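Participant: Sharing a structure with you now.
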Amino acid sequence: MDYRQPYCMTLRMNIDCNGCYQRIRRALLQMRELESHLIDKKHGRVIVCGAFSPQDVAIKIRKRTNRRVEILDVSEASPAAPEGGPGHMP
């Protein structure tokens, strides 16, 4: 099983109108690996948080919205789980 670390990623996208906003919002809501998202229409930024691979999520958003996506920042949301964490077999 591929374990993905929790990340918060900031993206730059072109959000011209309400239709663009709704298309991006719909695509983000369909992605199960995302825990939360924030769409800043004024500055054209989208912030997503969850346990995912940043490049994979950017590619999925690009394909689903047909919009250019630029990754501005990727940061770890919290430290990785310790060795005795969930899914660890003794």
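The values are calculated or read from the model by the stated rules, or taken from the named source; none is laboratory data. Computed from a prediction, not measured in an experiment: that's the story for all the values here. Note that each Cβ is placed from the backbone with ideal geometry, even for glycine, and that neighbours are counted across all protein chains shown. These accessible areas exclude ligands, DNA and RNA; they are computed on the full protein's heavy atoms, side chains included. Shrake-Rupley method; radii C 1.70, N 1.55, O 1.52, S 1.80 Å.
Participant: Does the stretch 17-40 contain at least one residue that is closer than 20 Å to Val74 by Cβ, in contact with a helix residue (DSSP H, G or I) (Cβ under 6 Å, 6 or more places away or on another chain) and open to solvent by 60 Å² or more (accessible area, probe 1.4 Å)?
Facilitator: yes
Participant: Further, regarding this structure: If I ask for residues that are of a type outside the set (A, V, I, L, M, F, W, C) and farther than 14 Å from Asn66 by Cβ, which ones from the stretch 1-20 would you list?
Facilitator: As a first pass, look at the stretch 1-20 and keep what is of a type outside the set (A, V, I, L, M, F, W, C): 2-7, 10, 12, 14, 16, 18-19.
Selection gives Asp2, Tyr3, Arg4, Gln5, Pro6, Tyr7, Thr10, Arg12, Asn18.
Participant: Does Ile71 qualify as being surrounded by 12 or more Cβ atoms within 10 Å (Cβ to Cβ) and not in a helix (DSSP H, G or I)?
Facilitator: yes
Participant: In the stretch 1-57, how many residues are outside any strand (DSSP E or B), within 14 Å of the chain's Cα centre (by Cα) and touching a residue at least 40 places away in the same chain (Cβ under 8 Å)?
Facilitator: Matching residues across the stretch 1-57 total 7.
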